Amino acid sequence: MKRLFSSLLLALFSLLATANEGMWIPLFLKQLNEAEMKGLGMKLSAEDLYSVNKSSLKDAICQFGGGCTAELISGTGLLLTNHHCGYDAIQNHSTLEHNYLENGFWSMNKNEELQNQGLTATFIIRIEDVSENALRGVTVDMSEKDRFAVINKNIAMINKGAARESWQEVFVRPFYEGNQYFMFVTETFKDVRLVGAPPSSIGKFGSDTDNWSYPRHTGDFSLFRIYANKDNHPAEYSADNVPYTPKHFLPVSLDGVEKGDFSMVYGFPGRTQEYLPAIAVEQIVNTLNPAKIAIRDKTLQIMDTDMRADAGVKIQLAARYASISNAWKKWRGESLGLTKSRAVDKKRAYERDFSAALNNNEAWKRNYGHLLEDINKVYKDAEPYLLLRDQYRETFTNCLSLNWANNINTLLRNFDKNDQKAFEEKRKELKEGLLEFFKEYNVDNDKKIFVALTEMYWKNVSPEYIGEDARKTVAKNKTFQALADKLFAKTILTSQSELSELLAMKDADLVRKLRKDPLSAFTASLYNTFDAKVNPRLAELQPQINRLQRLYMKAQMEVFEGKKNFFPDANSTLRVTYGKVNGFQPRDGVEYAPTTYLDGVMEKYIPGDYEFDVPKKLRELYAAKDYGQYGTPDGKMPVCFIGMNHTTGGNSGSPALDAYGNLIGLNFDRVWEGTMSDINYDPSLCRNIMMDARYLLFIIDKFAGAGHLIQEMKLVHPKK
């Protein structure tokens, strides 16, 4: 009976998981999703969301800075995204004298808007299925290397022959583990200027404590503007550029949301792994995530101590700290959610159903009979090397000195290969990156991180995978602190001026001096051993994993055809996800309502605290209940809400839209208990967190006094 109940429960979970799950390709909404979306309450057609022949919602959505999403909210190029997506731009314009991170920034006219070198906004013009052409000449018995070469050649031909305007670009991406390919024609705008941002006490309220958590009270938004040339086409920054006139922009709803309202999120989700086998999920929970979390634990503790002690250090390290903390907390929640939702058990039950279906069909059994057995073997073989990879990457990622030294050492490797072109390209890249690197590099803080992480590396990694020269260097010093003192005292890699001189030297002098540098030599020893003993094994195993995952994906779609729709994993391309506004019960005795209010901000208020301080002006507006037209009829100010939309990284800044395509919120996070949605979506736990559009308008108008920006927008009352 227990076994029967368990099977029924897992079957129920599997059924529920299809209710709001999925990141769907806009091109196929008509065939796959329109009926269900309308059944949930959508009043639009699929063509209203995606059309090549007329203006549609897709024309208001762009990929922001290559990693987030943003949306147009006016006819003059006003662009909305998250505060954390615009954080780097805000930080770059901040100084102790003009601290826009702490005080916010608001341009009162277009002449005050700030240029951002390298910041882009990319729109999708059209999507095409090019699978037939991309896979032409590919055979089942090909090696992964040969398959890759054939497909790359085909894609080059597709790119070359694609119909597009001279200012447009083309890229092709694999879907369904490489079983299908789609082409995207894009327009990328390169003149994107900062318009406004609230102070971090609003835009980052709750900071790291509240990150990945709910209830949430964060005004996580910033405003930019896209500029174009006189023909309304993309152009490099120029004083002659004019605000972009879009094909479509999003009206902003003043009516807010209620539990059960239809909602959808339109954006560029980064990466998911929804079709992993059980053994891979088990490795993530038990082996890989714990190792990465432990390394970031140490890093964040050291950074936090120094940031709290010095305001200048806080500004310098703020963006990097937020980035490191974001993944750290996500992995912790992911592991918790995968365990709580019994993800491994669900995967195993699914695999039993898959195997049962194979056994009832001779053709499937012949083609896929040993597939799961092969998958389990290759993942088991790969596990120790995947762990070594994560330990190495996290150590080098979180210690900037090691990371930078390794980057510099690329010059040596190119020199030894006698690759003059690569040598010069790398030298140029390093010269151009010096200023940016040292903006966020604090040598005293990073030296402490070096001590902690090298000690962890020596403790957790077998000596055979640590370079002999590095081991000898450590052995000569009594402690890792002594090691750091010696290396950092003698290296030139931590000095911007000395590095600038080094990179200007003749090749032979540069190489000679670099070989003598102790930090360079220490880092090279670690890299060379990893490259010699771990990378070759991963290079052997990863193609096997890729091939088997691709075959498994193909088999699932064939075996379960007609029983379910398969959405492709996220890959930073344009997707739609939809569901309803809803609260949830993360654990026994705890239930979260779908909406939070400004009352909660005041309840969390801690004067002077870097995470929970509240600006005086906001406290005054709250005391007077001066919310203007943005508050609720019962006198409250909504701040955030949650929904059952399937989102991930890259969806940050995505618009939350109502049944009519109006902006109701701004997606910025997920609940901690549901971060495992990248691997296993569970409708009982997975919720995305959105800032209420009314809070956006309230902060711009009543708090910042930037009503001229509100006048650009189209405010609507769809419920009235």
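Here, each number is a calculation from the coordinates, and none is a lab measurement. Note that the coordinates shown come from a computational prediction; the quantities given were computed from them, not determined experimentally. Here Cβ is always computed from backbone atoms with ideal geometry, including for glycine, and neighbour counts include all displayed protein chains.
Numbers for the structure displayed
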quantity	calculated
R0 of 45 Å, Cβ-Cβ distance Glu144-Lys472: FRET efficiency to nearest 0.05	0.70
Taking Val614, Val265, Val52 and counting other C-beta atoms within 10 Å, the order from fewest to most	Val52, Val614, Val265
The chain shape via C-alpha gyration tensor axes, a/c threshold 1.5	rounded
Span-like helix ranges in the chain, DSSP H, alpha carbon extent 20 angstrom or more, Kyte mean at least -1.0	2-16, 144-161, 289-309, 311-340, 343-359, 371-398, 400-416, 443-460, 518-533, 535-559
Where no second cysteine Cβ lies under 4.7 Å, the cysteines concerned in the chain	Cys62, Cys399, Cys640, Cys686
Net charge contributed by nearby residues that have their C-beta within less than 10 Å of Ile124 (K/R +1, D/E -1)	0
Distance-filtered residues of region 548-575 - backbone nitrogen under 15 Å, label point 7 angstrom along Arg271 Cα→Cβ	569-573
Qualifying GluC sites (Glu not before Pro) for region 541-638 [loop in DSSP, other Cβ within 10 Å: at most 15]	Glu561
Net charge contributed by nearby residues that have their C-beta within less than 12 Å of Asp390 (K/R +1, D/E -1)	+2
Equivalent-ellipsoid semi-axes of region 530-635, from the Cα gyration tensor, Å, largest first	49, 25, 14
Inter-site label distance for Asp416 and Asn159 at 7 Å from Cα along Cβ, in nm	3.1
Net charge over other residues, Cβ less than 11 angstrom from the Cβ of Arg550 (K, R count +1; D, E count -1)	+1
Least to most buried among Asp304, Asp682 (fewest other Cβ within 10 Å first)	Asp304, Asp682
Fewest-first ranking of Val185, Val138, Val257, using other Cβ atoms within 10 Å as the exposure measure	Val138, Val185, Val257
DSSP-assigned coil residues among trypsin sites (Lys or Arg not before Pro) in region 471-545, each with at most 10 further Cβ atoms within 10 Å	Lys476, Lys478, Lys506
For region 123-189, alpha-carbon Rg and Dmax in angstrom	12.7, 43
Pairs beyond 18 Å (Cα-Cα), from Lys298/Lys448; Lys625/Lys702; Lys153/Lys428; Lys58/Lys247; Lys329/Lys459	Lys153/Lys428; Lys329/Lys459
In nm, spacing of pseudo-spin labels at Leu114 and Lys230 (7 Å Cα→C-beta vector)	3.1
Length released on extending from Met602 to Arg619, taking residue separation times 0.36 nm less the Cα-Cα span	5.4 nm
Lys/Arg +1, Asp/Glu -1 at C-beta; region 312-426 dipole; positive extreme among Asn406, Phe423, Tyr321	Tyr321
Pairwise Cα inverse-distance average, inverted: Kirkwood Rh of region 400-533 (Å)	15.4
Residue list for region 315-329, given a label point 7 angstrom along the Cα-to-Cβ vector of Leu96 and an amide N cut-off under 14 Å	315-316
Added length on full extension, which subtracts the Cα-Cα distance from 0.36 nm per residue, Thr287 to Ala504	73.7 nm
Rough spin-label spacing in nm, given labels placed 7 Å along Cα→Cβ, for Thr479 and Lys513	3.3
Diffusion coefficient, µm² s⁻¹, Stokes-Einstein with Kirkwood Rh over alpha-carbon pairs of region 577-628 at 25 °C and 0.890 mPa s	180
Low-density loop cleavage sites - chymotrypsin sites (Phe, Trp or Tyr not before Pro) in region 567-675, where at most 14 other Cβ are within 10 Å (DSSP)	none
Residue-span extension gain [Lys247 to Thr339] - 0.36 nm each, minus C-alpha spacing	28.6 nm
